[in-house]
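Structure first, commentary second.
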Amino acid sequence: MAVRSRPVPRFREVPCPSPACRRLRALREALLRRPLGLRLSTADCKGEQRQRHFLLLDADNRILAGVVLRPVGPAAAQLRQMFVLPGHQGRGHGRRLLAGVEAVLARDGLLRIHLHARHDAVGFYRRCGYVPGGSPFRALGIMHQRMSKRLPRPPS
Ligand SMILES: CC(C)(COP(=O)(O)OP(=O)(O)OC[C@H]1O[C@@H](n2cnc3c(N)ncnc32)[C@H](O)[C@@H]1OP(=O)(O)O)[C@@H](O)C(=O)NCCC(=O)NCCS
């Protein structure tokens, strides 16, 4: 019997506000806050109209993975609240989403991405080229590590 390969998910940037952005926010809350006994806070969502929202979508337009990028000064951004749906992790979707985000930001002239990695996710970001900096710190009741990656300059 022929083995059917899974279609590669589509990478998209979505505007905020939009229906897709609302679905993304619901997943961020369900996957990244509820397991900690929390909800997305006002601070989590403040100023999101000025932040950038990226997704991976399956063939039925369901969100498989998502992330938010907050501008930090003119040449950097902070990567926030990244997730891949449980059941779809470990298939390269996280790496694919990050690669898409990095290509878009590098094309737009940004030079660096910063993030606060959850302790459990530090190995993933390392595999994707992010470098730890500074001491681990506690936030939301779990240990985090500051990490960053320098983006390639766009060809002139
Ligand atoms: C962390 C997360 C985004 C990774 O996404 P993913 O789709 O499972 O990761 P990928 O399959 O793209 O993995 C890419 C590489 O990182 C490695 N990797 C993935 N998760 C890892 C982890 N937790 N620790 C160490 N390495 C990891 C993979 O083995 C793979 O290695 P390779 O270079 O040998 O191929 C996902 O597991 C997730 O959503 N976790 C729960 C939410 C979370 O912690 N988000 C991060 C908040 S800071």
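Summary of values
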item	result
Total residues in region 34-45, condition touching a residue at least 24 places away in the same chain (Cβ under 8 Å) and either in a helix (DSSP H, G or I) or within 11 Å of the ligand (Cβ to nearest atom) (or both)	2
The one condition in (1) touching a residue at least 60 places away in the same chain (Cβ under 8 Å); (2) not in a strand (DSSP E or B) that E13 fails to fulfil	(2)
Candidate set: region 84-108, residues that are within 6 Å of the ligand (Cβ to nearest atom) and either of a type in the set (D, E, K, R) or not in a helix (DSSP H, G or I) (or both); chosen: the one surrounded by the fewest Cβ atoms within 10 Å (Cβ to Cβ)	G90
Hits in region 32-49 (condition: farther than 18 Å from L69 by Cβ and surrounded by fewer than 16 Cβ atoms within 10 Å (Cβ to Cβ))	R34, P35, L36, G37, L38, R39, S41, T42
Top-ranked residue in region 109-156 [being out of contact with any strand residue (DSSP E or B) (no Cβ under 7 Å at 6 or more places or on another chain), free of Cβ contacts under 8 Å to residues at least 40 places away in the same chain and assigned to a loop (DSSP other than H, G, I, E, B); ranked as nearest to Q89 (Cα to Cα)]	C128
Every residue from region 1-29 that is within 14 Å of F83 (Cα to Cα), of a type in the set (A, V, I, L, M) and surrounded by 15 or more Cβ atoms within 10 Å (Cβ to Cβ)	L24, L27
Matching residues, region 30-59, being more than 13 Å from R80 (Cβ to Cβ) and of a type in the set (D, E)	D58
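Each value in this text was obtained by applying a stated rule to the coordinates, not by laboratory testing. This one's a predicted model, so the numbers in the text were calculated from it and none came from an experiment. In this analysis, Cβ positions are derived from the backbone assuming ideal geometry, glycine residues included, and neighbour counts consider all displayed protein chains.
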